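The values are calculated or read from the model by the stated rules, or taken from the named source; none is laboratory data. What you see is a predicted model, and the numbers here were worked out from it, not measured in a lab. Cβ sites come from the backbone with ideal geometry, for glycine too, and all protein chains shown count toward neighbours.
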Amino acid sequence: MAGSIVLFGPPGAGKGTQAGRISELTGKPQVSTGDMLRAAVSQGTQLGHEAKTFMDAGLLVPDSIIIGLISERLKDEDAVGGVLFDGFPRTIPQAEALAEIVSVEVVISMEVPDDSIVERIVGRRMDPQTGEIYHIKFKPPPEGVSMRVVQRKDDTEETVRSRLAAYHEQTAPLADWYSKRGLLMRIDGNGSIEDVGNAIASKL
Ligand code: AMP
């Protein structure tokens, strides 16, 4: 299997927003564990049911569930040339499990200070028809779309604080883990969507 790319960073860093462009540039399909879990929740599957309590509380879903989900997804034909992981891995055991099944060619670390995260997440909206992500201030949905955008249930200020705490405790140590393996590429994520996208594109 050809190399995969990992999009790494705190919640609200813009991973999902940049994923489309990187996916187009590289031809690698986006694999977002958050999107897969939300799909399982809305379909009412057993896995969705198990994951929901953790997600609503802003906690990480147990590694065993996530690793199972990813192993299944990587069996799909479109994963053969490597994929673009968005929101995975989020713990060292997940990264270790991933290293057993694919080769990671680069980890793009989108760095955004905590102060900016809350504003970004609380203003975030999604178009349920296209999956496109908007922001009430930074990327307002066009007329016609603004009527139907929705806010994620875990995008409230209170839940964001828990998600940030989970990020600092469990996910941030992965930056060092990947850095030691020579795979970490740091990107200043605290700019406009276009500037951050250009910074990533110029380095890929
Ligand atoms: P996201 O859309 O990536 O922010 O993910 C939303 C929520 O899904 C997170 O707050 C976690 O509860 C759960 N989740 C997504 N990806 C992972 C992962 N790799 N490991 C553990 N939990 C995850």
Considering only segment 76-95, I want to know if a residue exists there that is more than 20 Å from SER23 (Cα to Cα), β-branched (Val, Ile, Thr) and in a helix (DSSP H, G or I). yes
Cβ-Cβ under 7 Å, sequence separation 6+ or interchain: first residue in segment 66-84 and on the phi > 0 side of the Ramachandran plot, partner of a type in the set (Lys, Arg) and modelled with pLDDT under 95. Which pairs? none
Conditions (1) under 17 Å from the mean Cα position of the chain (by Cα); (2) away from the ligand (no atom under 12 Å from the Cβ); (3) at pLDDT 95 or above: number failed by PRO113: (3)
Which members of segment 27-46 meet the condition of being surrounded by fewer than 19 Cβ atoms within 10 Å (Cβ to Cβ), over 15 Å from the mean Cα position of the chain (by Cα) and assigned to a helix (DSSP H, G or I)? VAL41, SER42, GLN43, GLN46
Filter segment 19-78 down to the residues that are away from the ligand (no atom under 14 Å from the Cβ), among the β-branched types (Val, Ile, Thr) and within 25 Å of ILE121 (Cβ to Cβ) and list them by number. ILE22
So which residues in segment 145-186 are among the charged types (D, E, K, R), within 23 Å of ASP115 (Cβ to Cβ) and either in a loop (DSSP other than H, G, I, E, B) or within 15 Å of the ligand (Cβ to nearest atom) (or both)? ARG152, ASP154, ASP155, GLU157, GLU158, ARG161, ARG163, GLU169
Among GLU50, GLU111, GLU132, which is the only one that is of a type in the set (D, E, K, R) and farther than 26 Å from LYS203 by Cβ? GLU50
Considering only residues that are touching a residue at least 24 places away in the same chain (Cβ under 8 Å) and surrounded by fewer than 15 Cβ atoms within 10 Å (Cβ to Cβ), look in segment 141-155 and name the one that is farthest from PHE54 (Cα to Cα). VAL150
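Of all residues being basic (Lys, Arg) and within 13 Å of PRO10 (Cβ to Cβ) in segment 151-204, which is farthest from the chain's Cα centre (by Cα)? Just the residue, please.
Among those residues, the one meeting the criterion is ARG161.
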